[in-house]
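The values are calculated or read from the model by the stated rules, or taken from the named source; none is laboratory data. None of the values given here were measured: they were computed from a predicted structure. Positions of Cβ are generated from backbone atoms using ideal geometry, with glycine treated the same way; all protein chains shown enter the neighbour counts.
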Amino acid sequence: MINIKNMDFIDLILHLAGFLAPALFVALVVALAGGMLFGKRASVREFFRRWCRQGGVNFAVGLAVSLTGLFVTSADGRMLTYAALVVAVGTSQFVLSRKS
């Protein structure tokens, strides 16, 4: 017989962190790489401000893709969802870099 344990608050926080981590990591790394490779010269403060702004938008796009993948595939962590996450965040960064 399978013993099922109810999820407590710490388990909930860990599950949410595990769900959000790929979108956050990809968003921040892509924003950093885009700013360093293709960004205009700017002061450290302006670079950090632009990185935070682009990282936030990229994170929102990545989170939307992750949630869509969760609902479409009925499971978290499918490779198709991760591939869509990378494509969507990359496209978002491309659009954001063209504007700034």
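Name the residue that is modelled with the highest pLDDT, counting only residues in region 36-94 that are over 18 Å from Pro22 (Cα atoms) and part of a loop (DSSP other than H, G, I, E, B).
Ser43
Being more than 23 Å from Arg98 (Cα to Cα) and buried (at least 18 other Cβ atoms within 10 Å of the Cβ) is the filter here, so list the residues in region 27-83 that pass it.
Correct list: Ser66, Gly69, Thr81.
Starting from region 17-43, take each residue that is of a type outside the set (Val, Ile, Thr) and list its partners that are surrounded by 11 or more Cβ atoms within 10 Å (Cβ to Cβ) and not in a helix (DSSP H, G or I), counting only C-beta distances under 8 angstrom and pairs at least six apart or across chains.
That search, which allows pairs on different chains as well, returns Phe19/Asp76; Gly39/Ser100; Lys40/Ser100.
Can you say whether Thr91 is loosely packed, with under 13 Cβ neighbours inside 10 Å, free of Cβ contacts under 8 Å to residues at least 60 places away in the same chain and of a type in the set (Ser, Thr, Tyr), as far as the supplied structure shows? It would help to see each step written out before you state the result.
Values: loosely packed, with under 13 Cβ neighbours inside 10 Å: yes; free of Cβ contacts under 8 Å to residues at least 60 places away in the same chain: yes; of a type in the set (Ser, Thr, Tyr): yes.
Answer is yes for this residue.
How about region 59-97: which of its residues are within 18 Å of Gly34 (Cβ to Cβ), aromatic (Phe, Trp, Tyr) and under 12 Å from the mean Cα position of the chain (by Cα)?
Scanning region 59-97 gives a single hit, Phe59.
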